[in-house]
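Reviewing the structure listed below.
The values are calculated or read from the model by the stated rules, or taken from the named source; none is laboratory data. Remember, it's a predicted structure, so these values are computed and weren't measured experimentally. Cβ placement follows ideal geometry from the backbone for every residue including glycine, while neighbour counts extend to all protein chains displayed.
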């Protein structure tokens, strides 16, 4: 009889241990799901806040990849996308991040580089130049009202410069370069992905507005009866 009582008590303790372990495992899975959910949302909406980089866009003048150089005709790798616009047209920051470089020398001319996580985006041939003020470097275009500091945080869509012809260029355009890690990325592919996501979102918003209008009209009919 005593042995039966001991066995029952042992079974109760074992059951309590199993229940406790189950609760702990369920809790940890719930926590993981909560942690991953914002990441999934960010991934699905990754392009929703990105901005097209040029105002008064005219055309794309030179794609990403190998091409014949406009100076001399030799084969060379073109590491970005050239976007033509009238001189003085504003350039907007593609994605929010930190300005890691401002410069006004070399083939790129007056330029800035912004880092957004693993992405780096460069903007070349802009108007203006670089000045050092109180020990800090700035890209300054006074006529355009632009003053960008190295180390500054800038949001997506903000004006960061104007189309010029500084550096090595045959016409007014933005030479826009994207890198993910140490690899160059074709900006045209990014723009296609970006606008497909934004188009889906806009379509969803239009449908939501249409459903709202239908409900509004239905409510009017009901209230007038």
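Before moving on, here are some points about what is shown:
- Residues that are over 18 Å from the mean Cα position of the chain (by Cα) and part of a loop (DSSP other than H, G, I, E, B), drawn from region 152-186: 164, 165, 166, 167, 168, 169, 170, 171, 172
The rows are residues; the columns are (1) within 22 Å of residue 171 (Cβ to Cβ); (2) within 24 Å of the chain's Cα centre (by Cα); (3) assigned to a loop (DSSP other than H, G, I, E, B); (4) at pLDDT below 95.
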position	(1), (2), (3), (4)
108	yes, yes, yes, no
115	no, yes, no, no
121	yes, yes, no, no
130	no, no, no, no
138	no, yes, no, no
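- Test result for residue 73, at pLDDT 80 or above and either closer than 16 Å to residue 176 by Cα or assigned to a loop (DSSP other than H, G, I, E, B) (or both): no
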